[in-house]
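Structure first, commentary second.
The values are calculated or read from the model by the stated rules, or taken from the named source; none is laboratory data. Keep in mind the model is a prediction, meaning the values are calculated, not measured. Ideal geometry is used to build each Cβ from the backbone, glycine not excepted, and the neighbour counts take in all protein chains shown. Quick note on the areas: whole protein, heavy atoms, side chains included, nothing else; ligands and nucleic acids left out. Shrake-Rupley method; radii C 1.70, N 1.55, O 1.52, S 1.80 Å.
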Amino acid sequence: METPDRHTDSPARLEQMAAHATRFVECHGPGQAPRLFFSPGRVNLFGGHLDYNGGPVMPTAIDRGTFIASRSRSDRLLRMASAFDHQVVEIDLDQLPAARVSKWVDYPLGVVIELATHLEDSGVALPGGLDVLYGGDLPIGSGLSSSASICVGTAVMLNSLWGLGLGKMDLVRVALRAERQFVGVHCGIMDPYAIGCARAGHLLWLDCKDETIEYLPMDGDRLSILVTNTGVQRALAASEFNRRVDECAQAFDILRLASPGAVCLRDIPLDVLESERGSMDPVLANRAEHVIHEVRRTFEAREHLLAGNPELMGECMNQTHESLRSLYEVSCPELDLLVEAAGHCPGAFGARLTGAGFGGCTVTLVRRGDEHEVQASLEARFEGEFGRCPQVEVYEGDPGPREITPA
Ligand code: ADP
Ligand code: MG
């Protein structure tokens, strides 16, 4: 993946990367300076739980992400560590594990295994060993896709250090398969696309049915993205997420019988759902209802964005949250309070939970200049209700995964 054009990293980012290089030496010992990579997280503004239903989504990469420091070794060992747990995991590149090893390392290991499979098809073996250290400034397990960030970032880093010459879309697909097949999350395509195909100052329009993408400019002079982390751990997130994927597949299996030509839940007309609802499990009908309305709302939000109408975009976000709460059942009281509180802030256009839900973060669309006022209101309401302060931050866009060389 080429370095994004015309992007200059801030002095603060260069300092962070230099500090990460220092931690790398503390972890792996002295020697040649490591190469440094940054891979952003993402926030999704429109299209909640649509990617695995073939619908459209509108995420953007954010200026928080995964830091990766890496250096070649003279043997065939891959020694990976994370600043978050300090344990070094050692993998022999000639004896890659067939099953998951421990929690976090499965993500980068899945990428290595997918790359090995990809190269095997062309008769190429994995090149030599590496020392790697991960870190970052992105909240982990909070719905901002640290998992896709580490997977895409690892694919970009390996492509570069191993001189594989793979293109952007190959790397995105390798990252997606790593999370889906090795880690075992039944995730849709949105996260690795949002990160790997990012363009600063734009929302990505990704149609998950045919995988086409467009870039929609976001007016950064008028609009700000505020992300509030509830700090609620998404304990059942992986199993509940997989359950939603399964419920949607079941709903589609029923509804497709009355919808000739439909290939995913996104294709089901509302009147088909209404005529079949009486004979369906009400939970499955609710999941389908969310998806069908969310597809329509996402197309509407796109029109409002292009027409420069943030009030109506915000209205779509509020409706999405309500639908995710009542029909899709992936919200929690902390997320609901933050969305409700944003509704009382004159500077906030709208808010919704972002990511899969079950805790994690809300995203609030805010009038540029009003961020502090909205932040103070959200903090006060949340603290009054739950007795602790949520983390509220303004996120700017990001041009995507890249190598960063500190000055
Ligand atoms: P999200 O993608 O919303 O952040 P997930 O549960 O999908 O949440 O993925 C979080 C997991 O990704 C973490 O539990 C950890 O295993 C892994 N991970 C992400 N970033 C890092 C990192 N920098 N170091 C170690 N593990 C990481
Ligand atoms: Mg994830």
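Of everything in segment 271-297, what is surrounded by fewer than 22 Cβ atoms within 10 Å (Cβ to Cβ) and among the small types (Gly, Ala, Ser)? Give them in sequence order.
Ser275, Gly278, Ser279, Ala285, listed by residue number.
Output the residue which, of all residues in segment 123-140 that are modelled with pLDDT under 95 and within 23 Å of Gly188 (Cβ to Cβ), is farthest from ligand 2 (Cβ to nearest atom).
Once the filter is applied, the top-ranked residue is Pro139.
Could you please find all residues in segment 123-140 being closer than 30 Å to Ser74 by Cβ, within 15 Å of ligand 1 (Cβ to nearest atom) and of a type in the set (Val, Ile, Thr)?
Hit for segment 123-140 is Val132, nothing else.
Which condition number in (1) surrounded by 15 or more Cβ atoms within 10 Å (Cβ to Cβ); (2) out of contact with any Asp or Glu (no Cβ under 8 Å at 6 or more places or on another chain); (3) more than 30 Å from Leu226 (Cβ to Cβ) is the one that Gly153 fails?
Answer for Gly153: the failing condition is (3).
For segment 94-112, what are the residues that are open to solvent by 10 Å² or more (accessible area, probe 1.4 Å) and either at pLDDT 95 or above or of a type in the set (Gly, Ala, Ser) (or both)?
Just the residues of segment 94-112 that are open to solvent by 10 Å² or more (accessible area, probe 1.4 Å), to begin with: 94-104, 107.
Matches in segment 94-112: Ala98, Ala99, Ser102, Tyr107.
Can we say Ala380 is modelled with pLDDT of 95 or more and either out of contact with any Phe, Trp or Tyr (no Cβ under 7 Å at 6 or more places or on another chain) or acidic (Asp, Glu) (or both)?
Yes, satisfied.
Table: residues versus (1) within 27 Å of Asp191 (Cα to Cα); (2) within 15 Å of the chain's Cα centre (by Cα).
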| site | (1), (2) |
| --- | --- |
| Ala33 | no, no |
| Phe37 | yes, no |
| Pro40 | yes, yes |
| Gly47 | yes, yes |
| Val57 | yes, yes |
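Can you confirm whether segment 156-164 contains a residue that is touching a helix residue (DSSP H, G or I) at 6+ places or on another chain (Cβ under 7 Å), within 15 Å of ligand 1 (Cβ to nearest atom) and in contact (Cβ under 8 Å) with a residue 12 or more places away in the chain?
Checked segment 156-164: at least one residue is touching a helix residue (DSSP H, G or I) at 6+ places or on another chain (Cβ under 7 Å), within 15 Å of ligand 1 (Cβ to nearest atom) and in contact (Cβ under 8 Å) with a residue 12 or more places away in the chain.
Quick one: would you say Gly143 is within 11 Å of ligand 1 (Cβ to nearest atom), modelled with pLDDT of 95 or more and surrounded by 19 or more Cβ atoms within 10 Å (Cβ to Cβ)?
no
For segment 233-270, give me each residue that is open to solvent by 40 Å² or more (accessible area, probe 1.4 Å) and assigned to a loop (DSSP other than H, G, I, E, B).
The answer is Gln233, Arg234, Ala235, Leu236, Pro260, Gly261, Val263, Pro269.
Pull up segment 156-201, narrow it to residues that are away from ligand 2 (no atom under 16 Å from the Cβ) and open to solvent by 50 Å² or more (accessible area, probe 1.4 Å), then point me to the one that is nearest to Ala69 (Cα to Cα).
Among those residues, the one meeting the criterion is Gly163.
Among Pro59, Pro97, Pro139, Pro108, which is the only one that is in contact with a helix residue (DSSP H, G or I) (Cβ under 8 Å, 6 or more places away or on another chain) and farther than 30 Å from Glu211 by Cβ?
Numbers: Pro59 fails: farther than 30 Å from Glu211 by Cβ; Pro139 fails: farther than 30 Å from Glu211 by Cβ; Pro108 fails: farther than 30 Å from Glu211 by Cβ.
So the residue among Pro59, Pro97, Pro139, Pro108 that is in contact with a helix residue (DSSP H, G or I) (Cβ under 8 Å, 6 or more places away or on another chain) and farther than 30 Å from Glu211 by Cβ is Pro97.
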